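**Student:** Please see the structure below; I have some questions.
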Amino acid sequence: MAIIAIGISGALMLANLVRSLLPASSLVDNLSARIQSWWRIAVVLALASLAGQIGFLVLFAAVSFMALREFSAVAVSHPTDRHVSAACFFVLLPVQYALAGTGNVVLFTSIVPLTSVALVPVFTALTADSHAYLARVSERIFAIVVCIYCLSYVPALLTLPVAQDGAQLPLFLILITQVSDVLQYIWGKAVGAHLLAPHVSPSKTVEGLIGGIGCATALGAALSWMTPFGAVHAAAIAFLISLTGFLGGFVMSAIKRDFGTKDWSGLLPGHGGILDRVDSIWLSAPVYFYVVRALAVK
Amino acid sequence: MTAGARHLDGGIIQSSVIVSTRWFAGGCGRWAGCAPSDGTRIYIANHTSHADFPLILAALPAHLRERTSVVAAAEYWRGGKVRRYVAEQVFRTILLQRDHVALNQYAQMIAALDRGESLILFPEGTRGSGQHLQPFRCGIYHLARARPQVEIVPVWIDNAYRLLPKGALVPAPIECSVTFGDPTHLYPGEDKKSFLERISEALLSTGRKNGNNCYRH
């Protein structure tokens with residue numbers, strides 16, 4: 001664990017150093033804000049890791065809460081839906097995280113998704129307001145799946161019966177997705193020429209994607225000691241994590257573009273909202289969870 | 001109410017209201033048209049929810065919060081024990097009779113401005129549904145005429161009516177935003193009607209330019 005902390009601090013100090021060498025511009029101001037937010041994220045993750053499983057459960061329950069809050073601002077809803085909305089925050093979210101903490105995979109992967117698919121349509125119909133009904137129901141269910149259900153797989157990693165030192169399994173996921181994100185950005189800025197899908201994500205490039213995912217895969221091999229796997233398996237898993245991370249971010253970009261906004265909120269200066277940070281985790285977390293479970297749990 | 005007159009409990013409740021507002025609404029302040037300033041200001045905001053004034057207070061830096069009072073309706077905030085406690089002990093408020101705004105009520109606001117404090121004012125006078133801005137009442141004009149040097153800052157609050165609309169008890173958390181626009185003044189010789197129209201338009205354009213007041217419903 002100490003090695004991870006030293007590694008992350010070292011990387012951020014290097015980022016600070018590089019930033020101080022660059023000439024002043026608005027891009028560098030944004031970079032400074034980003035690095036400062038990264039330090040804060042690193043400190044919060046360190047504290048959660050020290051607190052262990054309960055720390056990760058509380059941290060990600062809070063992250064889910066903030067993510068759902070940001071998503072609610074763009075999702076279609078009517079004033080009549082307020083109680084359905086409040087129930088997502090105050091009932092479904094705590095229930096999902098309590099179940100994720102039990103380590104009972106059947107319970108935590110079924111109860112909340114099934115009840116929301118059943119109850120959101122029912123309670124939305126009970127508002128006696130049928131205008132935009134299907135949009136209200138489906139966007140609410142999508143919000144629950146992305147912001148509550150999928151994100152809860154991160155702390156659930158700590159309940160897997162796998163020998164791990166501290167919170168290495170979730171930290172591996174978080175490190176790989178975030179490093180892949182950052183490197184996609186840097187590779188894109190450095191050698192990017194071909195825009196990937198300008199109408200969905202205006203700055204993502206093919207070169208950035210290949211460079212970022214390639215480097216993250218190599219990092220996965222180097223960090224294989226954080227996982228129950230050897231270098232080759234860890235690299236393959238890191239590849240899968242960065243690819244699904246990219247796809248998750250791509251989906252969330254499409255939603256932002258549809259709504260016409262650049263950032264989900266102003267919570268993390270330089271980055272945007274909490275969803276701008278975890279958009280690469282919601283899809284990769286469940287994939288990673290099931291891969292680890294299939295390969296490492298006997 | 002001055003800060004000294006407030007109880008310790010009031011201070012604790014105020015902090016918890018601010019913290020829960022941040023949790024339920026995010027509500028980062030966006031300083032689009034001006035920076036936080038120690039100068040005396042009148043913040044004029046659109047009004048759709050009881051969450052409005054905690055949202056503005058939460059968006060202000062803590063040292064400014066301590067010297068900013070909310071102007072609110074007396075008959076409402078004296079209408080029950082809890083409301084009276086909140087208005088008198090929890091937040092710094094100046095309570096006005098909405099129906100007959102007497103001279104001494106302006107005196108209270110002007111005295112606060114002269115002490116270097118800032119005011120939060122909802123010129124619509126009452127909470128709206130969030131669909132349109134209601135016509136402004138004339139109080140802000142008389143205040144601006146009495147103290148023309150005081151900066152008037154339009155503050156657009158987004159989504160507060162979806163967080164906690166009129167009549168609701170349980171908040172439905174949602175990202176809200178508080179956008180501070182370009183400060184303005186009463187121009188020399190400007191009449192009441194054109195002043196009220198101009199600042200109303202300034203508030204709307206703060207929302208259009210910087211807020212996301214085009215949410216789909």
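**Student:** Please tell me if A:Thr205 is within 30 Å of A:Ser110 (Cα to Cα) and either in the same structural domain as A:Gly7 (by TED's automatic domain parsing) or touching a Gly at 6+ places or on another chain (Cβ under 6 Å) (or both). Give the steps one after another, and end with the answer.
**Tutor:** Values: within 30 Å of A:Ser110 (Cα to Cα): no; either in the same structural domain as A:Gly7 (by TED's automatic domain parsing) or touching a Gly at 6+ places or on another chain (Cβ under 6 Å) (or both): yes.
So A:Thr205 fails the test.
**Student:** Okay, next question. Out of the residues in the range A:252-262 meeting the condition of being open to solvent by 40 Å² or more (accessible area, probe 1.4 Å) and charged (D, E, K, R), tell me which one is nearest to A:Ala197 (Cα to Cα).
**Tutor:** A:Arg257
**Student:** Looking at A:Ala222, A:Ala190, A:Ala234, can you tell me which residue is buried (at least 20 other Cβ atoms within 10 Å of the Cβ), over 16 Å from A:Asp279 (Cβ atoms) and in the same structural domain as A:Gly270 (by TED's automatic domain parsing)?
**Tutor:** Values: A:Ala222 fails: buried (at least 20 other Cβ atoms within 10 Å of the Cβ); A:Ala190 fails: buried (at least 20 other Cβ atoms within 10 Å of the Cβ).
Result: A:Ala234 is the single residue among A:Ala222, A:Ala190, A:Ala234 that is buried (at least 20 other Cβ atoms within 10 Å of the Cβ), over 16 Å from A:Asp279 (Cβ atoms) and in the same structural domain as A:Gly270 (by TED's automatic domain parsing).
**Student:** Here are some conditions: (1) open to solvent by 20 Å² or more (accessible area, probe 1.4 Å); (2) among the polar types (S, T, N, Q); (3) at pLDDT below 95; (4) in contact with a helix residue (DSSP H, G or I) (Cβ under 6 Å, 6 or more places away or on another chain). A:Ser203 meets all but one. Which one does it not meet?
**Tutor:** Only one criterion is unmet by A:Ser203, namely (4).
**Student:** In addition: Across the range A:114-140, what is the total count of residues that are open to solvent by 30 Å² or more (accessible area, probe 1.4 Å) and under 21 Å from A:Tyr290 (Cβ atoms)?
**Tutor:** 2
**Student:** Just the residues that are surrounded by fewer than 19 Cβ atoms within 10 Å (Cβ to Cβ) and either modelled with pLDDT under 95 or not assigned by TED's automatic domain parsing to the domain that holds A:Asp129 (or both), please, taken from the range A:55-78. Before the answer, list the steps.
**Tutor:** As a first pass, look at the range A:55-78 and keep what is surrounded by fewer than 19 Cβ atoms within 10 Å (Cβ to Cβ): A:58, A:62, A:76, A:78.
Scanning the range A:55-78 gives A:Val76, A:His78.
**Student:** Next question, about the same structure. Taking the condition buried (at least 17 other Cβ atoms within 10 Å of the Cβ) and modelled with pLDDT under 95, does A:Gly212 pass?
**Tutor:** Details: buried (at least 17 other Cβ atoms within 10 Å of the Cβ): yes; modelled with pLDDT under 95: no.
No.
**Student:** Also, quick follow-up: Under the condition of being of a type in the set (Gly, Ala, Ser) and assigned to a strand (DSSP E or B), which residue from the range B:22-54 is nearest to the other protein chains (Cβ to nearest Cβ)? Step through it out loud before you land on a result.
**Tutor:** Of the residues in the range B:22-54, the ones of a type in the set (Gly, Ala, Ser) are B:25-27, B:29, B:32-33, B:35, B:37, B:39, B:45, B:49, B:51.
Add one more test, that the residue is assigned to a strand (DSSP E or B), and what stays is B:26-27, B:29, B:45.
Details: B:Gly26: 5, B:Gly27: 9, B:Gly29: 8, B:Ala45: 18 Å.
Restricting to residues being of a type in the set (Gly, Ala, Ser) and assigned to a strand (DSSP E or B), the top hit is B:Gly26.
**Student:** Of all residues in the range B:55-76, how many are out of contact with any strand residue (DSSP E or B) (no Cβ under 6 Å at 6 or more places or on another chain), assigned to a helix (DSSP H, G or I) and over 14 Å from B:Thr179 (Cα atoms)?
**Tutor:** So the answer is 6.
**Student:** Now for a different question. Give me a count of the residues in the range A:253-298 that are of a type in the set (Gly, Ala, Ser) and within 25 Å of A:Gln168 (Cα to Cα).
**Tutor:** Filtering the range A:253-298 down to residues of a type in the set (Gly, Ala, Ser) leaves A:253-254, A:260, A:265-266, A:270, A:272-273, A:280, A:284-285, A:294, A:296.
If we keep only those that are within 25 Å of A:Gln168 (Cα to Cα) too, we end up with A:280, A:284-285, A:294, A:296.
The qualifying residues number 5.
**Student:** Can you tell me which residue within the range A:79-94, out of those that are free of Cβ contacts under 8 Å to residues at least 24 places away in the same chain and open to solvent by 60 Å² or more (accessible area, probe 1.4 Å), is nearest to the other protein chains (Cβ to nearest Cβ)?
**Tutor:** In the first step, residues of the range A:79-94 are kept if they are free of Cβ contacts under 8 Å to residues at least 24 places away in the same chain; the result is A:79, A:82, A:86, A:90-91.
The next check asks that each one be open to solvent by 60 Å² or more (accessible area, probe 1.4 Å); those that pass are A:79, A:90-91.
Details: A:Pro79: 6, A:Phe90: 8, A:Val91: 12 Å.
Result: A:Pro79.
**Student:** Could I ask something else about it? Test each condition in (1) modelled with pLDDT of 90 or more; (2) within 14 Å of chain A (Cβ to nearest Cβ); (3) over 17 Å from B:His47 (Cα atoms) for B:Glu190 and report the one that comes out false.
**Tutor:** (2)
**Student:** Separate question: Can you find a residue in the range A:283-296 that is farther than 17 Å from A:Val182 by Cα, of a type in the set (D, E, K, R) and either assigned by TED's automatic domain parsing to the domain that holds A:Gly230 or buried (at least 16 other Cβ atoms within 10 Å of the Cβ) (or both)?
**Tutor:** Taking the range A:283-296 first, the residues farther than 17 Å from A:Val182 by Cα are A:283, A:285-296.
Filter once more, keeping what is of a type in the set (D, E, K, R): A:293.
Adding the requirement that they be either assigned by TED's automatic domain parsing to the domain that holds A:Gly230 or buried (at least 16 other Cβ atoms within 10 Å of the Cβ) (or both) leaves A:293.
Taking every residue of the range A:283-296 in turn, at least one turns out to be farther than 17 Å from A:Val182 by Cα, of a type in the set (D, E, K, R) and either assigned by TED's automatic domain parsing to the domain that holds A:Gly230 or buried (at least 16 other Cβ atoms within 10 Å of the Cβ) (or both).
**Student:** Could you say whether any residue in the range B:163-171 is touching a residue at least 60 places away in the same chain (Cβ under 8 Å), within 14 Å of another protein chain (Cβ to nearest Cβ) and surrounded by fewer than 21 Cβ atoms within 10 Å (Cβ to Cβ)? Break it down stepwise before answering.
**Tutor:** So in the range B:163-171, the residues touching a residue at least 60 places away in the same chain (Cβ under 8 Å) come out as B:163-166, B:171.
Filter once more, keeping what is within 14 Å of another protein chain (Cβ to nearest Cβ): B:163-166, B:171.
Subsequent filtering for residues that are surrounded by fewer than 21 Cβ atoms within 10 Å (Cβ to Cβ) retains B:165-166.
For the range B:163-171, residues touching a residue at least 60 places away in the same chain (Cβ under 8 Å), within 14 Å of another protein chain (Cβ to nearest Cβ) and surrounded by fewer than 21 Cβ atoms within 10 Å (Cβ to Cβ): present.
**Student:** For A:Ser265, indicate whether it is open to solvent by less than 50 Å² (accessible area, probe 1.4 Å), within 14 Å of another protein chain (Cβ to nearest Cβ), among the polar types (S, T, N, Q) and not in a helix (DSSP H, G or I). So that I can check it myself, show each step before the final result.
**Tutor:** Numbers: open to solvent by less than 50 Å² (accessible area, probe 1.4 Å): yes; within 14 Å of another protein chain (Cβ to nearest Cβ): yes; among the polar types (S, T, N, Q): yes; not in a helix (DSSP H, G or I): yes.
When the stated conditions are applied, A:Ser265 passes them.
**Student:** Filter the range B:90-109 down to residues that are of a type in the set (S, T, N, Q) and under 12 Å from B:Trp77 (Cα atoms) and give me whichever is modelled with the highest pLDDT.
**Tutor:** Pass one, the range B:90-109, residues of a type in the set (S, T, N, Q): B:93, B:97, B:104-105, B:108.
Then drop every residue that is not under 12 Å from B:Trp77 (Cα atoms), which leaves B:93, B:97.
Working: B:Thr93: 90, B:Gln97: 80.
In this case the residue turns out to be B:Thr93.
The values are calculated or read from the model by the stated rules, or taken from the named source; none is laboratory data. Remember, it's a predicted structure, so these values are computed and weren't measured experimentally. Methodologically, a virtual Cβ is constructed for each residue, glycine included, from the backbone with ideal geometry; neighbour enumeration extends over all protein chains shown. For accessibility, only protein heavy atoms count, side chains too; no ligands or nucleic acids. Shrake-Rupley method; radii C 1.70, N 1.55, O 1.52, S 1.80 Å.
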